[in-house]
Every structure is written in structure tokens, then in C-alpha cells.
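I have placed the structure first, in the form of C-alpha cells, so that the comments after it can refer back to it.
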Amino acid sequence: VYSSPVGPKVAVQKLSFGIPTGECFGFLGINGAGKTTTLSILSGDIAPTSGRAYIDGLDIETEQLAVRRLIGYCPQHDALLDLLTVREHLELYARIKGVSATAVGEVAYTKMEQLDLLDFADKQSRMLSGGNKRKLSVAIAMIGSPKVVFLDEPSTGMDPVARRYMWDVISALSTRDAQCSVILTTHSMEEAEALCTRIGIMVNGQLRCLGTPQHLKNRFGSGVELDVKTELPSSDSVRSLLAKLRGQAPHLLSRDDDEACHLTVGLSDTSLCAALGRPDRADVLLNSAAGASLRQANASGSVGGLLFCEWWLAEDVAEQLHSGLSKSFPSGLELLERSASNAFRYRLQRGEGGPLSLADVFGEVEDAKDALSVAEYAVGQTTLEQVFVEFASSQENPENR
């Protein structure tokens, strides 16, 4: 609990979990969720207001000296000495961690090689880029074969290549060789999925969920997402529809030449849609996102006849697609996005019988592919990022207090 001018602020509360050797545990949460405070308590940087915590069976309050021999810590903000070089930093911390004098140089070289810092070995830390400072902080945390390593947002400022180097080092240290336990805080869902065997999402100082990335997606995901692209109307079908419109209502078109043909009435004129048997579609033209392209063309001048017929046929396919998918997935279908006239993103909700199977979704779409004019599609589970955002949306912003 922190004191503040507006009253006590509870940063971490009712937090209870254990991490076995060889696990990389990921702490996810927005700024102010309590991640850094938790690591600061475990590392002995600050004392808990109440509660107990143990590292390798040692109490973090009463046996702090022994505990510090077991941990490596990469803080959120680099704690480097400006005038020391990369090599000098690593040799200094190797001596502090009890590495024998004969092995100090070799340990420093190995860590520089692992984190791709050999080119900067003799450069002072104040001259390093932000990404290389983070790599040096990670290297320092891993010196001395600690049993527990705390990494507080270690990849901040790193380029993709450096981040990949770091991931390989962490994986080798924890999950592959099972040498130690790693607690990692990050805002990168990609990093969490690549490294962490278990993940906890922290909101307002409490763990709201805990489990493997796949478990969290299965348990808290909002269903399956389906991306669909439909076939574009063929030129023959567009010209056929234009000929039909010209035959039924010639006064709505400006001239006989297909390429130069334009509408002579506004989009709000219901006779335009009535001529094709759908007067209700005038409302779609005027008020929905689906009619935006025609409204934009109308604002720039008159709407071409071919353009209108292309739009009309695309809407026919869109309605057919939505109707067909609603029958295949009666438990719940939600249109999330329509990025183009023939590109759709749907969310398929869970049914009463449990979560949707990806195999079942693929089967249903594949069977209806031709009937619904589907050109290509992709099915995917709810991402870890979406699960995280769902939980994080309930986080109180401490800056608003």
C-alpha cells in the first residue's frame, strides 16, 4: 500500500501463486496494474505492507541476504554506471555474484556473445543506444546462474533482431535447460506467447486469470474469428444487370453507352432500387457504411451506371453470405468489420454445447464455399491480445485519482 495525498493506494492485493523451476512466467497488465511493485517486493527493493513471499524456501523479509544470492534482476529502468564499459559492467557483476576470478573474463565474454554485445564490449554505457542498454541489463541479470530471474519489460527499445537473440537466451535458461525460474513482465503479446509457459493478467493489483496462453484463449476468448473474401462480380454479370435496369427504367440512366452511362436520379430516389426489386436498399445507400463508396462518387459528380451495378451485385453477395453463415452458425454471428465491398470479418460465438471447434468451422465454410461465392477465407482463434484488452479495460487509471 502506497501513501498518497488523496489517501492510501493499494498497488498489490491478494496475490497468491507459485512458480516451479524451469518455468517462464509472464506478468501482463497495463501501466499501474502492480507488476513492477510485485517484482520490487520479491527482489527486496521495497517491503510488503503485509503478506509473505518465499524464494527457494527463503523468506524475502527475514532472509533477504540469502535471497539476493539467488536472484537476477533486470529493472524497468536501466541501472547502469555511465562511465563503465559493457565488459566492465559484466566483470563487476560477475565478481559481485561470486564468480571465481579465473572465470570472470569468460563469463563476461559469454554473456556479450549471447546478447550480441561483442561489437560494443569496450564502449561506455552512456554511449549505448536504448536497445543495447536493455540487452546489457538482461545480461547482468543472468550472470552467476541465479535460480530466479526477474525481467521487467526487458525488450523495451530493442529492435526485432535483438529481441530474437534475447528470446533464445531466456528460452535456453528456463524452459529448455530448466536451470531457473523466470518472471517476465511485458506489453508484447508476441513475446509472452513465444516465451511464457504460464501467463497471469494483472488488473488493479490482482491476478484476474492464470494459465497457459492456450488455456486463456480457450477460457476467456470471445469465440472464433472468420475472415472472408467473396468473389467480385464478373463484368458480364454487371453489364447484364445494367441492361436489365435500362430495360425496366430507361429514364434512370443518362445514355445507352455502357461505359459513359450515369444515373439521372439521386441515390435517395427509391425508384432506382425499386426497379431492381429492392426499394428498401435505398436506406443502405444513404445511411450505412456499405453505401459509402457510392455516396462519395455521388459527391464528386454523378454515379456511373456500371459502378452502381457492381455495388448492387456485391451487396447481393454480402447478404447471401451473411444469411448462409447465420444458418451454419446459429449460436451467434457478429460482423466485426467490412474493409471492402468483398472483405468481411466475423466473430463466431460459442454455442450452448461449448466452444466452437476450428475444425467444425473450417468444415462448415468449406461445404458452403461455392454457394456463398467465397474466394478465400481464414479461421482463427481469439488472440491473446484480445483477451488482455478485455481484462485491461477494467483497470483503474491511477493518474485519474
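The values are calculated or read from the model by the stated rules, or taken from the named source; none is laboratory data. Being a predicted model, the structure only gives us computed values, none of them experimental. Cβ sites come from the backbone with ideal geometry, for glycine too, and all protein chains shown count toward neighbours. Calculation scope for accessible area: heavy atoms of the full protein, side chains included, ligands and nucleic acids excluded. Shrake-Rupley method; radii C 1.70, N 1.55, O 1.52, S 1.80 Å.
Each Lys and Arg Cβ is given +1 and each Asp and Glu Cβ -1; about its Cα centre, the chain then shows a dipole of about 1240 debye. The gain in end-to-end length when the SER302 to THR110 segment is fully stretched comes to 62.1 nm, 0.36 nm per residue minus the alpha carbon separation. The ratio of the alpha-carbon radius of gyration of the range 9-60 to the globular-protein estimate 2.2 N^0.38 Å is 1.16. Hey, any idea what % of the chain's accessible area is carbon plus sulfur with a 1.4 Å probe? Ligands and nucleic acids excluded, carbon and sulfur reach 49 percent.
With the cut-off at 1.5 for a/c, could you classify the chain from its C-alpha gyration tensor as rounded, prolate or oblate? Because a/c hits 1.5 or more and a/b exceeds b/c, the chain counts as prolate.
Calculated FRET efficiency, LEU118 and GLN76, Cβ-Cβ r, R0 35 Å, to nearest 0.05? My answer for the efficiency is 0.85. Counting 0.36 nm for each residue step from SER222 to GLU390 and taking away their Cα separation leaves a gain of 59.5 nm. What shape does the range 257-312 take by its C-alpha gyration tensor, where a ≥ b ≥ c are the square roots of the eigenvalues and a/c under 1.5 counts as rounded, a/b above b/c as prolate, and the rest as oblate? Oblate is the answer for the range 257-312, as a/c is 1.5 or above yet b/c matches or exceeds a/b. Once the chain from ASP59 to ILE19 is taken as fully extended at 0.36 nm per residue, the excess over their C-alpha distance is 12.9 nm. Rounded to the nearest 0.05, the FRET efficiency derived from the C-beta distance between ASP236 and SER171 at R0 = 56 Å is 0.50. With both residues required to sit in the chain, DSSP beta bridges show an antiparallel share near 65%. Once C-alpha pairs closer than 8 Å and six or more residues apart are averaged by separation and normalised to the residue number of the range 250-322, the relative contact order reads 28 percent. Let me make sure I get this right: for the range 312-353, a, b and c are the square roots of the gyration tensor eigenvalues over alpha carbons, sorted descending. Under 1.5 in a/c it's rounded, otherwise prolate if a/b > b/c, else oblate. Which is it? Oblate. Pull up the cross-link candidates among the lysines for LYS123, meaning alpha carbon to alpha carbon under 28 Å and not fewer than 8 places away within one chain. Counting by Cα, and skipping residues close in sequence, LYS123 has these lysines nearby: LYS97, LYS111, LYS133, LYS135.
Based on protein heavy atoms only, the chain ends up with 50 Å² per residue of surface accessible to a 1.4 Å probe. Report the calculated FRET efficiency for ASP257 and LEU336 (r = Cβ-Cβ distance, R0 = 45 Å), to the nearest 0.05. Once rounded, the FRET efficiency stands at 0.65. Simple rule: put +1 on each Lys or Arg Cβ and -1 on each Asp or Glu Cβ in the range 14-137, find the dipole, and look at ILE71, LEU15, LEU42; the Cα lying farthest toward the positive end is LEU15.
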